[in-house]
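Beneath this line is the structure, given in C-alpha cells, with notes to follow.
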Amino acid sequence: MSPSQQPPLIKLEKICFAYPGRPPVLRNLDLELRPGDKIGLAAPNGSGKTTLLHIIMGLLRPSSGRLEFFGRPAAEEEDFIAVRRRVGLLFQDADDQLFSPTVLDDVAFGPLNLGKSREEAREISLRTLSFLGLEDFADRVTFKLSGGEKRLVSLATVLAMEPEVLLLDEPTAGLDQRTKKMLIDIMQNLSQAYLLISHEFDFLAATADHIYTMEEGRILLDDELYIHQHQHAHRLGKQPHKHI
Amino acid sequence: MISEPFASGDSFLHRLDPRVRILAAAAYSFTVALSYRLPNLLAALVLALALVALARLPLNQVLPRLKVVLGFLLLLWLVLPWSYQGTTVARLGPLAVSREGLLLASQITLKSVAILLALIALLATMTTARLGHAMNQMRIPDKLVFLILITYRYIFVIEQEYQKLWRAARIRNFRPGTNLHTYRTYAYLIGMLFVRAAARAKRVHQAMKCRCFQGKFHTLEEFASGRREWLFAAVMLLLLTGMAVYELAPAAVHHLFTLACGSPK
C-alpha cells in the first residue's frame, strides 16, 4: 500500500474538551497524522496543546468526538492500553517520566511491561541508549542527571518501546543550545511519524515538515504563507551582513 | 539528598545475595528487639560489631551515624532512671535513682545501638534500588516495593520543591517569628508542598500508564544464592536461635555449658 492508501496513524474528529468549571479548551478539533508525517504544533500557553496529547494517549477523555488509531476507533481504557503500545509520549517534565532509580531500570521499564524477557529488555535498552549516544549512562542514578541528560534519557525510555508514532511535549524546554542541537540531530534520524509541541520556531523549522497552530480550541494548518518582517539580535549584527 | 556512603564496597557482606541480607536483618532485629537479658544484648552488640567488621566499614564513618539514635537515648537516660519505680540504688538530691530504671535504659540503649549497627552492616551496604529489587524478588507485595523505590526517587524532587517555595518566601522578605503570619505562611508552604506532591504523583502515574504499566512490577536485576549464602544464613540462624533459647530458658543454656565445660569446682 502506498502511504496515501494506508489509514491515518491517528485521526481525531470533532474533539471537545473542557476542564470542570472552566471554558472549553478544545472545540471540535480535527487532526490527522499519517505515516511519515512530521508535524510541529506551536501555540500560546493555555491553548490546550498538552491537553490534546493527553487526550490522544487516553489519559483524558473528550466530552465528545471520535478518536481513531491505525484505522480502529478507541473509546475505552482497554482500547487505549493497546494504543499505548504503539504510540509514545514524551512528557514535558522529565522528572515525571523517570521514576526508576537507575537509567537502565527506567529504559527497561516499558519493554518489561510489554512482556519482553529480562535479557531482551536489557538488550533493547542498551541499544536504545547507544542510538542516542548515552551508552555510558546505563548505571547512572536518574535523579542525579542534569536537565539535558534527563530529557535525552526520557526520550530513550519512550523509544525503547519501539513506538510507531511519537508525541513530544515541548522537548526543548530548559535545554541549552548544545543539547538542543543534539536533539535536532536525533529527531532528524527518527523513522517514526511524530507530532511535537514547541514554542521555538528554529527548532520546529529544523524538525517539522508542517507547522500547525491552535486557535480557539482548533488546529489551523499551515496552508497560507504570510510575508512578514522580524527583528532579531545576534553577535556582530552591526556589521553589514546577509542572511541565507 | 540521599548519599549512600556504604553501598559501594567489595567485602564479603557487599557480595552476599541481598535477599539473604534482608532476611538476616529482619531475623536479627526481631530477636534483639524481643530480648531483655543483658548477656544476650551484649552478645547482640558483639555480633553487630562483627557484622560491621565483616562489611569492612570504617568505624569513624559508622559511629557518627549513631548520633541520631543517641540523641533519643540521652533523653531516656535523663528521664528513666529516676521516674521508674523500684529499688533505690542512689539519690541525687530529691531524686531517687532506681535499679529497674537503670536496667531499662541500658536495655533500650543496647538494643537500639545493636540493631542500628546490624542494619548498617546488612542493609546500608546495598543501594536503595537494589534493596527494592531484592524485596520484589522475595515476593514482598508490589505496593511496599513501590513505596520504597518511589520515595527514594522523589524525596529529592520534593525537597527541591520545598526549597523553591522557601526561597520564594524569603526573597519577599519573610522572616519567621512567633506570630500568626509566620504560622499561616508555614501552613501554606506545607499545604502547597502536599498539593504539588499529589499533582506530581498523578503525572508520574500517567507517564507510567503511557509506558503500559498495569500494576505489575518487573525488575532487570537477578540474584543468585550459593554456598556462601547458605553458610552465612546457617551461622546467623544458629546464633539467633542460641539467643532465643537463652532468652526463654537461661537455665537450659547454663546446664548445657556445664555439661560441655565440666562443672566448676
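Read-outs throughout are calculated quantities, based only on the coordinates presented, and are distinct from any laboratory measurement. Predicted, not measured: the structure shown is a model, and the values here were computed from it. Ideal geometry is used to build each Cβ from the backbone, glycine not excepted, and the neighbour counts take in all protein chains shown.
Observations on the structure shown:
- Gyration tensor verdict on chain B (Cα atoms; rounded if a/c is under 1.5, prolate if a/b is larger than b/c, oblate otherwise): oblate
- Whole-percent pair-distance distribution, where bins are 10 Å wide, for the alpha carbons of the protein assembly as shown: 3, 14, 20, 20, 16, 11, 8, 5, 2, 1, 0, 0
- Nearest-ten-degree value, helix B:18-33 long axis tilted from longest Cα axis of chain B: 60 degrees
- Other protein chain Cβ atoms within 10 Å, averaged over every residue that makes up A:139-148: 2
- Computed from backbone phi, the HN-Hα couplings of the range A:65-73 come to x, 10, 10, 9, 10, 6, x, 10, x Hz, rounded to whole numbers (Karplus: 6.51 cos²θ - 1.76 cosθ + 1.60, θ = phi - 60°; Gly and Pro given as x).
- Chymotrypsin sites (Phe, Trp or Tyr not before Pro) restricted to the range B:7-43 and DSSP loop, no more than 16 other C-beta within 10 Å: B:Y36
- Helix content alone sets the calculated 222 nm mean residue ellipticity of chain A: runs of n ≥ 4 DSSP H residues at -39500 (n - 2.57) each, divided across all residues, give -9500 deg cm²/dmol.
- In a simple Cβ point-charge model (Lys, Arg +1; Asp, Glu -1; nothing else charged), the protein assembly as shown has a dipole of about 1940 debye relative to its Cα centre.
- Those lysines that a straight Cα-Cα span of less than 24 Å connects to B:K143, excepting residues fewer than 8 apart in one chain: A:K116, B:K202, B:K209, B:K216
- Residue by residue along B:153-160, Cβ atoms of other protein chains within 10 Å of the local Cβ number 3 on average.
- Here the Karplus curve 6.51 cos²θ - 1.76 cosθ + 1.60, taken at θ = phi - 60°, turns the phi angles of the range B:216-233 into couplings of 9, 9, 10, 10, 7, 5, 10, 10, 10, 10, x, 5, 3, 5, 4, 4, 4, 4 Hz, with x standing for Gly and Pro.
- Under 18 Å from B:K164, Cα to Cα: aspartates and glutamates that are on another chain or at least 8 residues apart: A:D93, A:D95, A:D96
- For the range B:20-86, the square roots of the Cα gyration tensor eigenvalues, ordered a ≥ b ≥ c, give a/c of at least 1.5 with a/b no greater than b/c, which places it in the oblate category.
- Cβ-based net charge around A:S146, under 13 Å, with every Lys or Arg adding one and every Asp or Glu removing one: +2
- The angle between the Cα long axis of helix B:128-137 and the longest principal axis of the Cα atoms of chain B comes to about 70 degrees, rounded to the nearest 10.
- Rounded to the nearest 10 degrees, the angle from helix B:99-122 to the longest Cα principal axis of chain B is 60 degrees.
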